[in-house]
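Have a look at the structure below before the remarks.
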Amino acid sequence: MAKESMTSLSATNVVLETLARHTGMDQDEIDPGMRVQEDLGLDSLDAVELLMVLEQETSCRFDIGVANGIATVGDIIERLHAAMS
């Protein structure tokens, strides 16, 4: 998916699809308010791996250390959206 063709909605969809594959959960069960560690069971290494997958799937690049401060699914969506800008 090209960087310029991605919208906020498609960024959300990409994150939700990737999280569903990564966690084994149904995409419809995942929402932006869910906490990455507590609700999804992902640790900091899982979060870094997830960001690497998102980089590959979207051709976006995240700043080093972007995984710090990710607490919710919405945080991941915001960081992907910012990386697309």
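The values are calculated or read from the model by the stated rules, or taken from the named source; none is laboratory data. From a predicted model like this one, the values you see are computed outputs, not experimental measurements. Positions of Cβ are generated from backbone atoms using ideal geometry, with glycine treated the same way; all protein chains shown enter the neighbour counts.
Let's see how each residue does on (1) under 14 Å from Glu57 (Cα atoms); (2) aromatic (Phe, Trp, Tyr); (3) at pLDDT below 95; (4) assigned to a loop (DSSP other than H, G, I, E, B):
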residue	(1), (2), (3), (4)
Ser10	yes, no, yes, no
His22	yes, no, yes, no
Asp39	no, no, no, yes
Leu42	no, no, yes, yes
Fill in: Filter result for Met1 (surrounded by 13 or more Cβ atoms within 10 Å (Cβ to Cβ), in a loop (DSSP other than H, G, I, E, B) and at pLDDT 90 or above)
no
Worksheet item: Of the residues Val48, Val73, Val66, Val53, which is touching a residue at least 40 places away in the same chain (Cβ under 8 Å) and surrounded by 12 or more Cβ atoms within 10 Å (Cβ to Cβ)?
Response: Val73
Item to complete: Give region 17-42 a look and list any residue that's basic (Lys, Arg) and either farther than 16 Å from Ala67 by Cα or surrounded by 18 or more Cβ atoms within 10 Å (Cβ to Cβ) (or both), or say none.
Response: Arg21
Worksheet item: Are any of the residues in region 66-75 modelled with pLDDT under 85 and of a type in the set (Gly, Ala, Ser)?
Response: yes
Fill in: Members of region 15-45 that are in contact (Cβ under 8 Å) with a residue 12 or more places away in the chain and on the phi > 0 side of the Ramachandran plot
Gly41
Worksheet entry | region 58-81 - residue that is in a helix (DSSP H, G or I) and of a type in the set (Asp, Glu) and, of those, nearest to Asn13 (Cα to Cα) | Glu78
